[in-house]
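Here is the structure we will look at.
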Amino acid sequence: MATKSRSRVKAAGGAGSGGVQEGAPSAATEAAFAEDMPFADDMPFADDMAFSAFAPAGAGSSALLAPIVRRGGREVTGEDVLVLARRHIGETYKLGARAPMANSGWKGPWDCAEFVSWCVFQASGILFGTQPRNDPVRADAFTGFWAEQAREARCTVRVAEAAVIPGAILLRFPRPGAIGHIVFCDGRGGTVEAHSSKTGVIAHTISARRWDAGVLVPGIRYFRSGDPVRVPAPAGIIRLTEPMTKSDVVEKIQRRLAKLGFAPGKADGVYGPQTADAVKQFQADRGLVVDGEVGPDTFAALDLA
């Protein structure tokens, strides 16, 4: 899921072991999992982890060394996961919705992290980005789990590289006051994702959006469609930072939110937690991605673009 409370999310006990699996995943049998890895006691928010020290996949990384899962006598590829994801375009999105990983017939509603973890599991039998990681019936997905497990597995790649790998994953880390987001890359600069309550599961674009890392799930075979590309960074995104952002633009956002009936606090030009919370409420009301960040889509919805 995309939202969870720090107080209620604790690391599960042991994790499964990686390996080769034939046939469809079953709740009654032990599935193939990514490598056994330790987890932090508390839910992994960005302020708890050294995200800046993420090591891209390279020699010694589990993304390259993990045994590749086989189904029907052949290796499972990123394209296989992407094909499955595309079949669900048009289905509904609900923030915090839970997808039963073991239910191969599930058709939503989807949360972004549940969508990605479900597609990965159904295509490969690998549980990733979930807790627990050894029980598809109880597995619950969250962008924070994706961030933590990718960091521990050393299976991250640069955003520009993920953009040209079909089935690779792009991740925006969750942070205090800001919800994360996660999508599949189509290898051509596009995405397949559970986007928002307004648009549901869609094919979208990578450009002009903020991403923190690409992820290649250990146990899946990936292929590049070309050389890494430059992914234009979005300009002027307003979000919670340390120190906090103060500007005339923030004051305009605050005044507009207040006029629309939301509660950003004093219009002092400081983008603090109360303003970010008001932005999330506005985004949820308008069916946008609820991330607490004011980017192009939220600016446009506020009539400030």
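The values are calculated or read from the model by the stated rules, or taken from the named source; none is laboratory data. Here the structure is a predicted model, which is why all the values come from computation and not from measurement. Backbone-built Cβ (ideal geometry, glycine too); neighbour counts: all protein chains shown.
Only one entry in VAL201, VAL231, VAL250 is within 14 Å of the chain's Cα centre (by Cα) and crowded, with 16+ Cβ neighbours inside 10 Å, namely VAL201. The combined condition, being within 26 Å of ASP111 (Cβ to Cβ), touching a helix residue (DSSP H, G or I) at 6+ places or on another chain (Cβ under 7 Å), small (Gly, Ala, Ser) and surrounded by fewer than 18 Cβ atoms within 10 Å (Cβ to Cβ), is fulfilled by ALA263. Regarding segment 136-146, can at least one residue be identified that is basic (Lys, Arg), in a strand (DSSP E or B) and at pLDDT 95 or above? Within segment 136-146, none of the residues are basic (Lys, Arg), in a strand (DSSP E or B) and at pLDDT 95 or above. Comparison of GLY190, GLY265 shows that the only residue that is at pLDDT 90 or above and farther than 18 Å from LEU302 by Cβ is GLY190. Select from segment 281-305 the residues that are out of contact with any helix residue (DSSP H, G or I) (no Cβ under 8 Å at 6 or more places or on another chain) and at pLDDT 90 or above and write down the one among them that is nearest to ALA235 (Cα to Cα). This residue is PHE299.
Quick one: count up the residues across segment 167-181 that are surrounded by 21 or more Cβ atoms within 10 Å (Cβ to Cβ) and in a loop (DSSP other than H, G, I, E, B). Counting residues in segment 167-181 that are surrounded by 21 or more Cβ atoms within 10 Å (Cβ to Cβ) and in a loop (DSSP other than H, G, I, E, B) gives 6. Annotation: of all residues in segment 161-180 being over 12 Å from the mean Cα position of the chain (by Cα) and among the charged types (D, E, K, R), the one that is farthest from ASP291 (Cα to Cα) is GLU161.
Checked against the criteria, PHE128 counts as modelled with pLDDT of 95 or more, within 12 Å of the chain's Cα centre (by Cα), assigned to a loop (DSSP other than H, G, I, E, B) and farther than 18 Å from ARG210 by Cα.
The residue pairs whose first member lies in segment 83-95 and is assigned to a helix (DSSP H, G or I), whose second member is of a type in the set (S, T, N, Q) and surrounded by 15 or more Cβ atoms within 10 Å (Cβ to Cβ), and whose beta carbons are closer than 9 Å, counting only pairs six or more residues apart or on different chains, are LEU84/GLN122. For segment 78-92, the tally of residues that are buried (at least 19 other Cβ atoms within 10 Å of the Cβ) and more than 18 Å from GLY190 (Cβ to Cβ) stands at 0.
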